[in-house]
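Structure, as structure tokens:
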Amino acid sequence: MQKPVRKKEQGDTPPIGKVTGENGDDVTPPPPELLEPDPDLTPEEAEQARKDYLLTRFWISARGFWSRKGDRLAWAFSIGLVVLIVAAVGFQYGINVWNRAIFDAIEKRDATTVFHLSAMFFPLAIGSIVLGVAQVFARMSIQRRWRAWLTNGVLTRWLENGRYYQLNLVGGDHDNPEYRIAEDLRVATDSPVDFLAGVTSALLSAATFIVVLWTIGGALTVTFGGSAITIPGFLVIAAILYAAIASGSILMIGRQFVQVSEDKNQAEADFRYTLTRVRENGESIALLGGEEEERGGIDRNFTDVLRQWARLAGQHMRTTLVSQGSGLVAPVVPLLLCAPKFLDGSMTLGQVMQAASAFTIVQGAFGWLVDNYPRLADWNACARRIASLMMSLDGLERAEQGDGFGRIQRGETSNDAMLELNDLSVTLDDGTAVVGETEVVISPGERLLVAGESGTGKSTLVRAIAGLWPWGGGSVNFHPDRRLFMLPQRPYVPSGSLRRAVAYPGAAENWSEEEIGDALHKVGLDHLKEKIEEEGPWDQTLSGGEKQRLAFARLLLHNPDIVVLDEATSALDEKSQDKMMKMVIDELPKATIVSVAHRVELEAFHSRKIVLERRRGGARLVSDIDLIPRKGRRKLLGRFLRQRKEAA
């Protein structure tokens with residue numbers, strides 16, 4: 001569901017500078033009417049403008065494959081493919097000439113010439129086959145390398161600065177990004193290569209064999225109403241008229257192909273996403289007995305898929321009707337047109353057969369675009385979908401590199417403080433306030449508990465500290481060269497071995513089996529020590545409590561300077577929670593800890609507690625308590641304390 005966009009206030013200056021695209025070059029921002037819809041445009045015109053820019057946006061990045069920063073073999077393969085296409089057309093012309101010669105020899109009953117021509121056919125055929133295979137290799141090599149290059153660029157931008165997470169929090173047409181990267185990007189890089197290779201071959205073939213038709217056919221004189229009419233190049237004119245009629249018919253009945261393909265791809269993506277959600281949340285669904293409700297949602301999505309495929313089938317049936325009929329009639333037309341000249345002796349049998357072959361080739365060349373229109377429509381839809389994802393990434397990157405408008409700044413502390421929140425405010429991407437301006441200074445080794453009612457923005461504040469939530473104001477400053485490690489409420493367990501799951505996000509080989517086993521022992525997972533090298537669906541087999549214990553084992557292995565805990569013990573009972581927190585304090589005595597939790601019992605393991613309270617204009621920091629008394633004074637609640645002092 002798209003999120004509402006905050007209305008532009010007077011004086012706002014959105015950062016619309018250039019960003020770096022997938023090819024490393026600057027990407028010009030979309031036209032102003034796409035950023036701020038023009039009220040004079042109809043919805044249809046605005047949507048068409050958006051679609052037109054999407055194709056432009058795709059090519060801005062895709063063409064970088066052939067740039068200085070692109071693939072080093074891109075031009076070599078591309079030029080090689082063109083050379084192979086030219087050579088293949090040459091062999092095709094050679095076979096066409098051979099076709100004329102063999103039929104002339106047969107007509108004259110010249111056995112010697114037939115024998116020699118038969119021997120010549122095999123080198124022509126073998127050469128044509130070899131060139132065809134070489135074309136496939138060159139074409140698919142370009143497709144494979146282009147897809148790899150562009151996928152790497154999109155993945156890099158998607159994974160950078162937590163954008164894969166932030167896309168879930170902003171509005172825009174970028175749902176199911178995994179499908180777009182895996183499937184839409186594949187089609188978007190496959191089809192253009194096939195299309196350009198096909199068009200090049202078709203144009204060369206058409207140009208070559210139009211000359212053949214003009215040379216062989218010459219002029220045709222017909223008598224009409226007592227007058228003789230001479231038609232020069234009648235075979236060429238007939239081929240062009242025939243192709244125009246056939247192509248125009250298919251274009252007319254297939255004009256909805258693009259929209260139907262887009263709808264089909266979107267329905268397929270939604271269906272796959274629904275199935276993925278069921279798999280990812282299988283335990284919760286099973287425990288709640290939600291199979292019937294999930295089946296209803298799956299059936300609705302699948303019904304939409306079938307409906308879109310039915311529409312697509314209708315488009316294919318109508319275009320097939322014309323293309324198949326055209327393919328059957330095309331070989332007969334030149335024979336009928338050449339029959340008068342053959343019967344009056346002005347054309348030989350070989351010339352008739354050569355003309356028929358050339359006519360069919362020209363017809364196929366002219367009709368190539370129409371025959372491949374469905375693929376072109378599918379490419380159009382896929383290119384727009386991947387471009388929509390690129391535009392959303394552009395928006396996030398543009399905001400990151402802007403002048404600070406609506407973004408939380410990150411820097412370094414100017415003193416010995418481990419962490420500083422300077423006038424920090426947290427908002428949604430539409431400008432809605434979540435947490436108001438806050439000033440907090442956290443010293444090295446301090447253990448801070450962030451408390452408050454549900455919905456006051458505690459987890460959002462922690463995400464802002466961790467750098468996952470970028471919208472707001474003020475700054476978050478860390479002590480230089482300090483490493484942060486975050487434990488979320490629902491730990492991520494990657495696929496593969498248990499060793500990989502414990503070591504994540506570090507490499508599994510960074511720690512020995514003994515070190516990993518010791519970490520599992522300290523968090524109470526001794527029963528898993530014998531399965532460290534075992535691969536399995538650990539995300540599905542481990543309970544919620546075991547996953548949280550595993551996350552603490554990761555914490556011990558990585559030994560960070562700053563630990564952020566977001567309800568990290570919510571799945572543990574009180575006794576287990578106490579053991580876990582005591583273990584962390586004992587094993588990481590110098591670590592600075594920032595925790596979000598509801599349980600009062602956790603106060604015993606923290607030296608300080610701040611409380612957020614929901615207020616108009618965002619939650620506010622209303623209290624800052626030393627759970628463990630300490631000497632000295634410190635700057636805690638900048639804005640809150642200033643306001644209270646002024647009120648006094």
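Worth pointing out:
- Here Ala148 fits the description: hydrophobic (A, V, I, L, M, F, W, C), surrounded by fewer than 16 Cβ atoms within 10 Å (Cβ to Cβ) and part of a helix (DSSP H, G or I).
- Breaking point among (1) surrounded by 14 or more Cβ atoms within 10 Å (Cβ to Cβ); (2) under 41 Å from the mean Cα position of the chain (by Cα); (3) modelled with pLDDT of 90 or more; (4) under 26 Å from Ala507 (Cα atoms), for Asp539: (3)
- The single condition among (1) at negative phi; (2) assigned to a loop (DSSP other than H, G, I, E, B); (3) surrounded by fewer than 20 Cβ atoms within 10 Å (Cβ to Cβ) that Asp518 does not meet is (2).
- From the options Ala219, Ala188, Ala238, residue that is at pLDDT 85 or above and of a type in the set (A, V, I, L, M, F, W, C): Ala188
- Region 534-553, residues that are in a helix (DSSP H, G or I) and not acidic (Asp, Glu): Trp538, Gln540, Thr541, Gly544, Gly545, Lys547, Gln548, Arg549, Leu550, Ala551, Phe552, Ala553
- Per this entry, Arg139 is counted among residues that are part of a helix (DSSP H, G or I), buried (at least 17 other Cβ atoms within 10 Å of the Cβ) and free of Cβ contacts under 8 Å to residues at least 60 places away in the same chain.
- Across region 321-374, the qualifying residues are those that are of a type outside the set (Val, Ile, Thr) and outside any helix (DSSP H, G or I), and the one among them that is nearest to Val97 (Cα to Cα) is Met347.
- Residue match in region 308-322 (condition: free of Cβ contacts under 8 Å to residues at least 40 places away in the same chain, more than 26 Å from the chain's Cα centre (by Cα) and more than 27 Å from Ala381 (Cα to Cα)): no
- Of all residues making up region 358-370, the number that are of a type in the set (S, T, N, Q) and crowded, with 21+ Cβ neighbours inside 10 Å: 1
- Within region 169-194, residues that are at positive phi reach partners that are hydrophobic (A, V, I, L, M, F, W, C) and surrounded by 21 or more Cβ atoms within 10 Å (Cβ to Cβ) with beta carbons closer than 7 Å, at six or more positions or on different chains, in the pairs Asn176/Ala269.
- Being more than 26 Å from Arg616 (Cβ to Cβ), within 30 Å of the chain's Cα centre (by Cα) and in contact (Cβ under 8 Å) with a residue 12 or more places away in the chain is a property that holds for Ala466.
- In region 254-287, the residue that is farthest from the chain's Cα centre (by Cα) out of those that are farther than 18 Å from Asp184 by Cα and at pLDDT below 80 is Leu287.
- Among the candidates Ser201, Ser191, residue that is buried (at least 17 other Cβ atoms within 10 Å of the Cβ), of a type outside the set (D, E, K, R) and over 21 Å from the mean Cα position of the chain (by Cα): Ser201
- Among the residues of region 349-367, not a single one is at pLDDT 75 or above, farther than 28 Å from Phe58 by Cα and within 33 Å of the chain's Cα centre (by Cα).
- Listed by position, the strands (runs of 3 or more DSSP E) enclosed by region 563-648 that each have at least 3 residues that are modelled with pLDDT under 75 are 620-626.
- When restricted to residues that are under 29 Å from Ala464 (Cα atoms), hydrophobic (A, V, I, L, M, F, W, C) and in a helix (DSSP H, G or I), region 151-187 contains 7.
The values are calculated or read from the model by the stated rules, or taken from the named source; none is laboratory data. The structure displayed is predicted, hence computed values, not measured ones. Cβ sites come from the backbone with ideal geometry, for glycine too, and all protein chains shown count toward neighbours.
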